[in-house]
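Input: a single structure, listed below in structure tokens.
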Amino acid sequence: MAEDLVLDTAIRDWVLIPLSVVMVLIGILRYFVSKLMRSSQVPDLKIVKEGQVIVRARNLRAGANFIPPKSFRSRRVYFNNEENGLLFVPKGQAQNAQAQMFSDPNMAMDMMKKNLSMIIPQTLTFAWVNFFFSGFVAAKIPFPLTQRFRSMLQNGIDLSTVDVSYVSSRSWYFLNLFGLRGLFSLILGEENAMDDTQRMMQMSGFGFDPTKSLSAEKDGLDIVQHEWALPKFEHRAEVVLKKLIR
Amino acid sequence: MAGHSDSSSSEKKSGEAMTDVPTFSAENLQNNMKVIYYSRTFMSITGGVIAGIFGFTGFVGFIFYFLVMTITSIGLIAKAKFSVHSYFDSWNRIILDGLMGGLMSFVLFWTFAYDIVHIF
């Protein structure tokens, strides 16, 4: 069963290398296109305000242990107070913000553009691979897999006695798809690689941002137990200064 | 591995042992995580090409991958001068992070090099 097929050298030259090169180039192209197409949207004042309030509350939570207990508590009341606390949003208003988020045409367009710019090159490349490079063995993967993967990996090959390690070009395409992510993050800097699933999830969670995160911050502030972290700080200062003098 | 430690940018101190409560500068911590990610990706690509050229098949190849990852971890720990806690918040970060992500790149370049060299 494990006979060694001898594969044509031309396959190496005309299938493997061009496919990888094309995928790398398309990735780079997509990166630059998305950079060019990023429309600058005028941010809504109310949303920016809420965002800043959230950032302040978060900073308060992060630095809570460095301010004296009394000032921490007074700040917390300022945020969480029932009537005029900044983080307290009555239920009526909450619904409004959501509806606004969804019907806002600019945001919807942006999301669609980003999704499209991700999906279209993948679909096109996949169709191209299927059209030109189907029906022959393209590569041999160096590790053995079980028979169940045969239908997935050996798509155009209709012989059932060929070892599962010999795969068609469709699986070479998928292998490239996943493996080049790392390469893109190295070349293009800072994870502009295509993390498909992660980005899809981020995009879908967009509309609910302001209202839920306000109440989340409020709860977070309520939970914080204040531990005064700098009680011995005069002693430490003394120790450090003594070391410097010596 | 001298080339490897030179290629990673300097790691910044992110933990200060100034009080009993450990505090971390989030920005520096993130920068350090990025350094780990880049190092691991680069090493998995290189390791993949080496594995393919040598002709490892099957299980041996995966063992080689974990060997390369261990060498990367040791290199990173040595660069952090063995005081991991002042650069990261836990041991797990420097050892386990980015392991699975690098695997895909490793397999791709392993397959590529193996095919080009051995089944040409």
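Before moving on, here are some points about what is shown:
- Scaled against 2.2 N^0.38 Å for its residue count N, the alpha carbon radius of gyration of region B:26-119 is 1.18.
- Among B:W91, A:W14, A:W128, the order of accessible area from largest down is A:W14, B:W91, A:W128, computed with a 1.4 Å probe on protein heavy atoms.
- The H on the amide N of A:A139, modeled in the peptide plane, is under 5 Å from the matching H of A:V167, each at least 5 residues off or on a different chain.
- Legend: residue pairs A:K35/A:K113; A:K46/A:K114; A:K70/A:K242; B:K34/B:K79, Cα-Cα distance threshold 21 Å; pairs beyond threshold, A:K46/A:K114; A:K70/A:K242.
- With contacts taken as Cα pairs under 8 Å at a separation of at least 6 residues, region B:26-119 carries a relative contact order of 50 percent.
- Accessible area (Å², 1.4 Å probe, nearest 10) - A:V162: 10
- Order of exposure, largest accessible area first, which applies to A:Y166, B:Y38, A:Y31 with probe 1.4 Å: B:Y38, A:Y31, A:Y166
- Averaged per residue, region B:39-119 has 45 square angstrom of accessible surface, using a 1.4 angstrom probe with ligands and nucleic acids left out.
- FRET efficiency estimate (nearest 0.05) - Cβ-Cβ, B:D97 to A:K243, R0 45 angstrom: 0.80
- Accessible surface of B:D89, taken over heavy atoms with a 1.4 Å probe and every protein chain present, rounds to 50 Å².
- In this view, the solvent-accessible surface of B:H118, computed with a 1.4 Å probe and all protein chains in place, comes to about 90 Å².
The values are calculated or read from the model by the stated rules, or taken from the named source; none is laboratory data. None of these values were measured; they are calculated from a predicted model. Every residue, glycine as well, gets a Cβ built from its backbone with ideal geometry; the counts of neighbours run over all protein chains shown. Only protein heavy atoms, including side chains, enter the accessible area calculation; ligands, DNA and RNA are left aside. Shrake-Rupley method; radii C 1.70, N 1.55, O 1.52, S 1.80 Å.
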